[in-house]
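A.B. asks: There's a structure below that I have some questions on.
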Amino acid sequence: MPVWGWILIVIGAALVAGVAVWTVTSRKRTERLRDRFGPEYNRVASSAESTRDAEAELARREERREELDIRPLPEESRAGYVEEWKTIQAEFVDEPSRAVAHADSLLQRVMAERGYPVEKFDQRAADLSVDHPKVVENYREGHRLATKSHEDGSGTEEFRQAMRHYRALFEELVESGSGRQSD
């Protein structure tokens, strides 16, 4: 066989090996992101143009999270927030709208003390999704219901549901001993 034939065989084999390595690496990345983000992976993938775009977004979230100094709450702060939550729940009976607004404000203060940036809702949710992928959807839904109720004057049921969703995130934020959850 001529030399150029051997060269073509080597190039072909290298291409096949490269594609195989790329495929295995891509599958491992997908599996790792699915394990880390759980239901958030599916939410991002369904709204992205491609799986590659979705996975790039999730990887950016991980990189951003690594730059943040997320820390546990000191016991004194945690206890104070738990007491404040109880007050907000009691307030719900007489003033559901105000209680939901106070719950949202409390969540932002807890996040800020833990080290999460709190400027914009979408960014807060994205940052939380890295450490709290199983409850971040509760936060989104609570925010949606609270906003909807404030805008269209919906009834107490939407506020009640918003409080339930907020409580799921609140409990995880104040109870977790570290920035990373082992979901």
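A.B. asks: Modelled label-to-label distance, Val118 and Asp69, 7 Å Cα→beta-carbon offset: nm?
C.D. replies: Spacing of the two 7 Å Cα→Cβ label points: 1.7 nm.
A.B. asks: Here is a further query. Set Lys and Arg Cβ to +1 and Asp and Glu Cβ to -1, take the dipole of the chain about its Cα centre, and tell me which of Gln123, Asn42, Ala20 lies farthest positive.
C.D. replies: My answer, from the dipole projection, is Ala20.
A.B. asks: Related question: Run the numbers on segment 1-158 and let me know its relative contact order in percent, using alpha-carbon pairs under 8 Å that are six or more apart. If you can, show how the numbers build up before the last one.
C.D. replies: Numbers: 92 pairs, mean separation 36.2, N = 158.
This gives 23 percent for segment 1-158.
A.B. asks: Can you classify segment 68-126 as rounded, prolate or oblate using the Cα gyration tensor, where a ≥ b ≥ c are the square roots of its eigenvalues, rounded means a/c under 1.5, and otherwise it's prolate if a/b beats b/c and oblate if not?
C.D. replies: Numbers: a/c = 4.29, a/b = 1.39, b/c = 3.09.
Oblate, because a/c is 1.5 or more while a/b does not exceed b/c.
A.B. asks: Straight-line reach only, C-alpha to C-alpha below 26 angstrom: list the lysines that Lys148 could link to, leaving out same-chain residues fewer than 8 apart.
C.D. replies: Output for Lys148: Lys86, Lys120, Lys134.
A.B. asks: For the chain, what is the per residue volume of the convex hull drawn over the alpha-carbon atoms, in cubic angstrom?
C.D. replies: Numbers: hull volume 24.1 nm³, N = 183.
Value for the chain: 132 Å³ per residue.
A.B. asks: What FRET efficiency would be calculated for the residue pair Glu31, Glu175, taking the C-beta separation as r and a Förster radius of 30 Å, to the nearest 0.05? Let's see the in-between values first.
C.D. replies: Working: r = 28 Å, r/R0 = 0.95.
E between Glu31 and Glu175, to the nearest 0.05, is 0.60.
A.B. asks: What is the extension gain from Glu76 to Gln89, computed as 0.36 nm multiplied by their sequence separation minus the C-alpha to C-alpha distance, in nm to one decimal?
C.D. replies: Working: separation 13, 0.36 × 13 = 4.68 nm, distance 2.03 nm.
Taking 0.36 nm per residue and subtracting the Cα distance, the gain is 2.7 nm.
A.B. asks: Counting only other residues whose beta carbon sits under 12 Å from that of Leu33, what net charge do I get with K and R as +1, D and E as -1?
C.D. replies: Residues close to Leu33 contribute a combined charge of +3.
A.B. asks: While we're on this one: Under a GNM of the chain (C-alpha, springs under 10 Å), which listed residue has the highest mean-square fluctuation: Ser129, Ser47, Ser77?
C.D. replies: Ser47
A.B. asks: Would you mind putting 100-109, 134-143, 52-61 in packing order, based on average other-beta-carbon counts within 10 Å, highest first?
C.D. replies: So the peptides 100-109, 134-143, 52-61, ranked by packing, come out 134-143, 100-109, 52-61.
A.B. asks: How high is the FRET efficiency between Ile9 and Gln108 when r is their beta carbon distance and R₀ equals 45 Å, given to the nearest 0.05? Please report the intermediate quantities before stating the final value.
C.D. replies: Working: r = 62 Å, r/R0 = 1.38.
Once rounded, the FRET efficiency stands at 0.15.
A.B. asks: Can you give me the C-alpha center-to-center distance between segment 105-175 and segment 1-66, rounded to a whole angstrom?
C.D. replies: Answer, in whole Å: 33.
A short reminder: the numbers here are calculations on the coordinates, not readings from a lab. Everything numeric in this text was worked out from a predicted model, so none of it was measured. Methodologically, a virtual Cβ is constructed for each residue, glycine included, from the backbone with ideal geometry; neighbour enumeration extends over all protein chains shown.
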